[in-house]
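Read the structure below first, then the notes.
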Amino acid sequence: MQTTPPEAVPPALTVPPTPTVRVIAVASGKGGVGKTNVTANLAVTLARRGMRVWVLDADVGLGNLDLVYGVRPQHTIEAVLRGERRLAEVVADGPAGVRLVPAASGATELTALTPAQQLHILDEVDALEGELDVLLIDVAAGISSNVLYFAAAATETLIVTTPDPTAVADAYALVKVLATRWERRTFPVLVNMAAGAADAEATFARLAAVARRFLSVRLEYAGWMPYDDAVPRAVRAQTPLVLAAPGSPAAHAIAALADRLSQVSHPEVTGGLQFFFRRLVEGRA
């Protein structure tokens, strides 16, 4: 007696996971600690490793990432905020395939974005979904409303400081505001312009101890960069350090930073780029 074989059951469809964009804000409590150079060179390093990297110059009224890259953009984010251009229309091609959203220079009215302007940036950034793997946000120094907006909206905030006591104190102030107001609990910290590994580690240890004691946050050591004469030479040449002097100690430190960030598992956030910014705006409601 023949039996009819059971009807084959089709295999379950495998839906590929929606790719998440890694959004890293690079911040510092004090100006002059090398934050913009770190951002610019980290972006180039990641791009040369095959990632689609965009950089948003979020020092909206006093941007200078275009100078570090030697780029002369036709338009800046100021045109986007005024409704004259879309974000994709002002992006400029940077070195190694990096895409730069340039900031305006000398536009004092943009140093404190209104809620409407912040929402407008949110909508424009949302349109970038699927266009990039990593978004680096170079925020202004300090704890202004613009700084807190971009730093809190990102999934990660890399804190850049130097061993200088004032830089460490200002870095602590930035961590304090983000921890107490926005409940951020983990911060990678890069010590720049250190005299050596021991100097950098001691600086980090002091900052981490105070943060752990008074803020109940965890700081993660993201490494250190030495003071390197190749850095100002690259800035004057308007060429990223990792391209102008790839064998320099500071360039090696940038590569090590990229390695560490690649190895650290970052928050799995769903909802796309829009989520990063909308969660901040909704938190103010």
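Between residue 181 and residue 233, the contour length at 0.36 nm per residue exceeds the Cα-Cα span by 14.8 nm. Taking 0.36 nm per residue of separation and subtracting the Cα-Cα distance, full extension of the segment from residue 133 to residue 64 would add 22.5 nm.
Largest accessible area first, the residues 66, 123 order themselves as 123, 66 under a 1.4 Å probe with ligands, DNA and RNA left out.
Between the alpha-carbon centres of region 44-62 and region 67-94 there is a gap of 13 Å. Quick check: net charge around residue 248, other residues with Cβ under 15 Å of its Cβ, Lys/Arg +1 and Asp/Glu -1? Its environment carries a net charge of 0. Approximating the spin labels as points 7 Å out from Cα along Cα→Cβ, the residue 105-to-residue 260 distance works out to 3.1 nm.
Label positions at residue 123 and residue 218, each projected 7 Å from the Cα along the C-beta direction, are separated by 3.9 nm. Here region 173-193 is scanned for amide nitrogen atoms under 15 Å from the site 7 Å beyond the Cα of residue 206 along Cα-to-Cβ, giving 173, 191-193. Solvent-accessible area of region 48-169 (1.4 angstrom probe, protein heavy atoms only): carbon and sulfur portion equals 49 percent. Length gained on full extension, residue 114 to residue 166: 15.7 nm, using 0.36 nm per residue less the C-alpha separation. Using only the Cα atoms of region 51-156, build the gyration tensor, take square roots of its eigenvalues as a ≥ b ≥ c, and label the shape rounded, prolate or oblate: rounded if a/c is under 1.5, else prolate if a/b is larger than b/c, else oblate. Cα axes put region 51-156 in the rounded bin. Rounded to the nearest Hz, the phi-derived 3J(HN,Hα) couplings of region 157-173 under the Karplus curve 6.51 cos²θ - 1.76 cosθ + 1.60 (θ = phi - 60°) are 10, 8, 8, 10, 9, 10, x, 4, x, 5, 5, 5, 5, 6, 5, 4, 4, where x marks glycine and proline.
The values are calculated or read from the model by the stated rules, or taken from the named source; none is laboratory data. It should be emphasised that the depicted structure is a prediction, and the values quoted were computed from it without experimental measurement. We place every Cβ from the backbone using ideal geometry, glycine too, and count neighbours over all the protein chains shown. Calculation scope for accessible area: heavy atoms of the full protein, side chains included, ligands and nucleic acids excluded. Shrake-Rupley method; radii C 1.70, N 1.55, O 1.52, S 1.80 Å.
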